[in-house]
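No lab work stands behind these numbers, since they all come straight from the coordinates. As the structure is a prediction and not an experimental result, all values here were calculated from the model. In this analysis, Cβ positions are derived from the backbone assuming ideal geometry, glycine residues included, and neighbour counts consider all displayed protein chains.
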Amino acid sequence: MDVFEAIRQRRSIRSYEDREVEEEKLMQVLQAARGQQFVAEAPVVIVACAVEHEHVMPCGHPSHLIDVAIATDHITLAARALGLGTCWIGAFDRRMVRDVLGIPDSVEVVELMPLGYPTDWPAPRSRKGLDEAVCYDGWQD
């Protein structure tokens, strides 16, 4: 599956088969990142973290959260291309995750991402047409 097909087919998966993810596929998904109840069903949960560092983007914002967003986006696409499902989770008890995994306060827990074989693929959701979602030469209502 090419990346454009993975983008078209990517869905948030909230129900997983009771089936192990092969080590090779897990490593491929995690490699792509370089450069809730349904969470408990997933055989793997990726905890995406960031360490604030000195690098600041030209706009003045630190880059660590953007770096994590790019990495996890690559994970979702690699997972889909390998027949695995994911779901981006940004609302969770960060303190509990820190405590359970022993993550120090100097590391920011950004998101959770369950990973596994989906029990089914949700149908595509209805989306606005590009003529409703894209503006040229300024904001248009």
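Worth a mention:
- Each peptide in 117-123, 11-17 was scored by the mean count of other Cβ atoms within 10 Å over its residues; highest first, the order is 11-17, 117-123.
- Among (i) 117; (ii) 170; (iii) 132, the entry derived from the coordinates for volume of the Cα convex hull per residue in Å³: (ii)
- Rounded to the nearest 500, the helix-only mean residue ellipticity at 222 nm of the chain stands at -10000 deg cm²/dmol, with each DSSP H run of n ≥ 4 adding -39,500 (n - 2.57).
- Distant-in-sequence amide H partners of residue 46 (H built 1.01 Å from N, under 5 Å): 113, 115
- With both residues required to sit in the chain, DSSP beta bridges show an antiparallel share near 90%.
- A simple count of charges around residue 114, restricted to other residues whose Cβ falls under 9 Å of its Cβ and scoring Lys, Arg +1 and Asp, Glu -1, yields 0.
- Dipole check for the stretch 24-141: with +1 at the C-beta of Lys and Arg, -1 at the C-beta of Asp and Glu, and the Cα centre as origin, the magnitude is about 380 Debye.
- Distance-filtered residues of the stretch 114-141 - backbone nitrogen under 19 Å, label point 7 angstrom along residue 59 Cα→Cβ: 134-140
- Sorted by Cβ density within 10 Å, fewest first, the residues 63, 106: 106, 63
- Positive dipole terminus of the chain, leading residue within 28, 133, 48 (C-beta point charges): 133
- Net charge, residue 79 excluded, C-beta distance under 10 Å - Lys, Arg +1, Asp, Glu -1: +3
- Cβ-to-Cβ counts within 10 Å put 59, 87, 49, 135 in ascending order as 59, 135, 49, 87, the fewest first.
- Surrounding net charge for residue 8, when Lys and Arg each add one and Asp and Glu each subtract one, Cβ distance under 13 Å: +3
- Long-range amide H partners of residue 16 with built H, under 5 Å: 119
- Neighbour counts of C-beta atoms inside 10 Å place 84, 26, 112 in the sequence 26, 112, 84, starting with the fewest.
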